[in-house]
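S.K.: Please see the structure below; I have some questions.
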Amino acid sequence: SNKLPTVQSQYTVPEAPTPKQKAITYNNFYEYGTGKSDPSHYAKNLRTRPWTISIEGKVQKPLTFDIDQLAGYRPLEDRTYRFRCVEAWSMVIPWVGYSLSELIKACNPLPSAKYVQFLSLDDHKQQPERPDSYDWPYSEGLRMDEAMHPLTLLTFGAYGETLENQQGAPVRIIVPWKYGFKSAKSIVKIRFLDKQPPTTWNDQAPSEYGFYSNVNPNHSHPRWSQSQERHIDAALFPRTIKTLPFNGYADQVASLYNGMDLNKNF
Amino acid sequence: MNNNAIRLLKPLVFLFCLLPVAALVRQAQQGNLGADPVAHITHFTGNWAMYMLLLSLAITPVRRISSKLAWLIRFRRMLGLYAFFYATLHLATYVFLFSGFDIAGAFSNLRIHDFHGIAEQWRAVWPVMVTDIQKRRFIQVGLLAWFILFLLAITSPQWVMRKMGGKPWQTLHRSVYAAAVLAVIHFAWTLKKGNLEWWKDGLVLAILLGLRILWSLQKRFAQGRPKVAVSR
């Protein structure tokens, strides 16, 4: 990975980052195997150049961006975010990128665009460990107002460097108030839609992974409580800490869900 | 294999079965437990409980390959007890680490004899476990599997078998198959939908169980009609 030029960000949380070594050896990236350390071994097959992201759907006209063009489009910010996995562990990661809203504005979406869908790289040759039991490509999505929120980060790097392959290189989304799986990796296509897109985990097990999947300590996963999390930091054994509503970002994002029953729309 | 050889081999097998624990301790000393040590230890002990259980179940079919392998039966109980041992470590990991129990705090409280503090720490995690047992079916089947292994472990000494009588003892100990099936279900249910990591354990168990069913059917056919029908 290469160093990236970055600027400060107002959205950084003042917490100590998880050691990089832990962050890049403990990943859920099923395209490279179902084990947590699998992606750190198998994602080296991923070729991140040349790479383009195509923009489709409800936009004035379809576009294609080259990854380097996209990475240089706006100043890259250092943004340290809390990261909460649906499996009840958490990290603190210093991501590098700029708000997705900047890209969305450049795409000129039509007024009918209510949702944004992210599609990940789907190439069995580069993903030999990929289990066949899923409907690839990996798909995730956000409501337009969620995607436009300044916290939603178009992410090119972490720890001041370009993303490691297992982190979803060369470009991914980070939505810090949602469970990690909402943050699609290795994105090749962004679609603007008038309807809620199908998303990979929601399709697999709708009772376990809702479309919204906002971090919510009061809504249990069917197989475990979400009220606490193992916080992975520099210590040998992670501390168990209380999970915060919207992963601690309630002040910034709770208003997006005014009037919604968060237990129904989990 | 003669008695002397078995007597020599037994402590070796005993130590061999402890190697996973040694590996875990070594990993801990070297800080090699990975980013999420609690999840790692949980999976590690659970896996070894399963391997020991499957190994103990494999003894009988392997013996049938050749009469020269009859001596293997002398190791079955040890493997079964090791399955219980690893299942207990697995359960203890859940109770004292996975639950969020502040084990480091508990140790320091123990050192200053602050038992009240330990009770407080326990009270903090107890509700999470109660909810798990009430609500989560993978926990329920896992706990049931452990309880079966516990019953088999406490009835494993020779004198208990004599006291119980051969038949009732054998009937009880056949529930090891139920424990194994429950263990595989427990494993499968802990995984995300579409993650089929459990299939290897499931396949081995299916083969081991299938062979038994096949043999018992063969036996019945060899005897002609089922015994019960004849005696009536």
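The values are calculated or read from the model by the stated rules, or taken from the named source; none is laboratory data. The structure displayed is predicted, hence computed values, not measured ones. A quick note on method: Cβ atoms are made from the backbone with ideal geometry, for glycine too, and the neighbour counts reach across all protein chains shown.
S.K.: Looking at (1) within 14 Å of another protein chain (Cβ to nearest Cβ); (2) charged (D, E, K, R); (3) surrounded by fewer than 17 Cβ atoms within 10 Å (Cβ to Cβ), which one does B:Arg63 not meet, given that it meets all the others?
M.R.: Exception for B:Arg63: condition (1).
S.K.: Another question, if that's okay. Taking the stretch B:42-60 as the search range and keeping residues that are within 27 Å of B:Ala5 (Cα to Cα) and of a type in the set (Val, Ile, Thr), which one is surrounded by the most Cβ atoms within 10 Å (Cβ to Cβ)?
M.R.: Only one residue tops the list, namely B:Ile59.
S.K.: I've got another one for you. In a helix (DSSP H, G or I), basic (Lys, Arg) and more than 14 Å from chain A (Cβ to nearest Cβ): does that describe B:Lys200?
M.R.: Taking the combined requirement at face value, the residue does not satisfy it.
S.K.: Does any residue in the stretch B:13-27 that is over 19 Å from B:Gly80 (Cα atoms) come within less than 7 Å, Cβ to Cβ, of a residue that is part of a helix (DSSP H, G or I) six or more places away or on a different chain, and which pairs are these?
M.R.: Here the result reads B:Leu24/B:Ile41; B:Leu24/B:Phe44, each pair linking the stretch B:13-27 to a residue that is part of a helix (DSSP H, G or I).
S.K.: To continue, here is another question. Can you pull out the residues in the stretch A:192-237 that are in contact (Cβ under 8 Å) with a residue 60 or more places away in the chain, closer than 28 Å to A:Pro19 by Cα, touching a strand residue (DSSP E or B) at 6+ places or on another chain (Cβ under 6 Å) and not acidic (Asp, Glu)?
M.R.: A:Ser213, A:Val215, A:Gln228, A:Arg230, A:His231, A:Ile232
S.K.: Another question, if that's okay. Would you mind telling me which numbered condition in (1) at pLDDT below 95; (2) within 14 Å of chain A (Cβ to nearest Cβ) B:Ile139 fails?
M.R.: It fails just one condition, (1).
S.K.: Against the definition (in a helix (DSSP H, G or I), within 14 Å of chain A (Cβ to nearest Cβ), surrounded by 19 or more Cβ atoms within 10 Å (Cβ to Cβ) and among the aliphatic types (A, V, I, L, M)), how does B:Ala28 come out, yes or no?
M.R.: no
S.K.: Next question, about the same structure. What is the number of the single condition among (1) without any contact (Cβ under 8 Å) to a residue 60 or more places away in the chain; (2) surrounded by 12 or more Cβ atoms within 10 Å (Cβ to Cβ) that B:Phe98 does not meet?
M.R.: With respect to (1) without any contact (Cβ under 8 Å) to a residue 60 or more places away in the chain; (2) surrounded by 12 or more Cβ atoms within 10 Å (Cβ to Cβ), B:Phe98 is out only on (1).
S.K.: Name the residues in the stretch A:181-205 that are within 10 Å of another protein chain (Cβ to nearest Cβ) and of a type outside the set (A, V, I, L, M, F, W, C), would you?
M.R.: Start the filter on the stretch A:181-205 by keeping residues that are within 10 Å of another protein chain (Cβ to nearest Cβ), which leaves A:181, A:200-201, A:203-205.
A:Thr200, A:Asp203, A:Gln204 - these are the residues of the stretch A:181-205 that are within 10 Å of another protein chain (Cβ to nearest Cβ) and of a type outside the set (A, V, I, L, M, F, W, C).
S.K.: Something else about it: If A:Thr240 meets every condition in (1) without any contact (Cβ under 8 Å) to a residue 24 or more places away in the chain; (2) part of a loop (DSSP other than H, G, I, E, B) apart from one, which number is that one?
M.R.: (2)
S.K.: Let me ask something else. Within the set of pairs 6+ apart or on separate chains, which have a first residue in the stretch B:31-49 that is under 27 Å from B:Leu205 (Cβ atoms), a second that is part of a loop (DSSP other than H, G, I, E, B), and C-beta atoms under 6 Å apart?
M.R.: Sorted first by the residue in the stretch B:31-49, then by its partner, the pairs are B:His40/B:Leu33; B:His40/B:Gly34.
S.K.: Could you look through the stretch B:133-161, keep only residues that are assigned to a helix (DSSP H, G or I) and among the polar types (S, T, N, Q), and pick out the one that is farthest from B:Tyr177 (Cα to Cα)? Break it down stepwise before answering.
M.R.: Looking only at the stretch B:133-161, we keep the residues that are assigned to a helix (DSSP H, G or I), and these are B:133-135, B:137-154, B:158-161.
Checking which are among the polar types (S, T, N, Q) leaves us with B:134, B:140, B:158.
Values: B:Gln134: 25, B:Gln140: 17, B:Gln158: 21 Å.
Here the answer is B:Gln134.
S.K.: Name the residue, out of B:Ala104, B:Ala70, B:Ala124, that is farther than 22 Å from B:Ala178 by Cα, more than 14 Å from every other protein chain (Cβ to nearest Cβ) and modelled with pLDDT under 95. Give the steps one after another, and end with the answer.
M.R.: Details: B:Ala104 fails: more than 14 Å from every other protein chain (Cβ to nearest Cβ); B:Ala124 fails: more than 14 Å from every other protein chain (Cβ to nearest Cβ).
Answer to the check: B:Ala70.
S.K.: Output the residues belonging to the stretch A:102-135 that are surrounded by 14 or more Cβ atoms within 10 Å (Cβ to Cβ) and among the hydroxyl-bearing types (Ser, Thr, Tyr).
M.R.: Answer for the stretch A:102-135, where residues must be surrounded by 14 or more Cβ atoms within 10 Å (Cβ to Cβ) and among the hydroxyl-bearing types (Ser, Thr, Tyr): A:Tyr115, A:Ser120, A:Tyr134.
S.K.: Could you run through the stretch B:16-50 and say how many residues are of a type in the set (Phe, Trp, Tyr) and either within 22 Å of A:Ser40 (Cα to Cα) or touching a helix residue (DSSP H, G or I) at 6+ places or on another chain (Cβ under 8 Å) (or both)?
M.R.: Of the residues in that region, 2 qualify.
Rundown of residues vs (1) at pLDDT below 95; (2) surrounded by 14 or more Cβ atoms within 10 Å (Cβ to Cβ); (3) farther than 29 Å from A:Pro222 by Cα, yes/no style:
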{"site": "B:Val130", "(1), (2), (3)": "yes, no, no"}
{"site": "B:Leu144", "(1), (2), (3)": "no, yes, no"}
{"site": "B:Leu149", "(1), (2), (3)": "no, yes, no"}
{"site": "B:Arg174", "(1), (2), (3)": "yes, no, yes"}
{"site": "B:Ala180", "(1), (2), (3)": "no, yes, no"}
{"site": "B:Ala188", "(1), (2), (3)": "no, yes, no"}
{"site": "B:Leu191", "(1), (2), (3)": "yes, yes, no"}
{"site": "B:Ser231", "(1), (2), (3)": "yes, no, yes"}
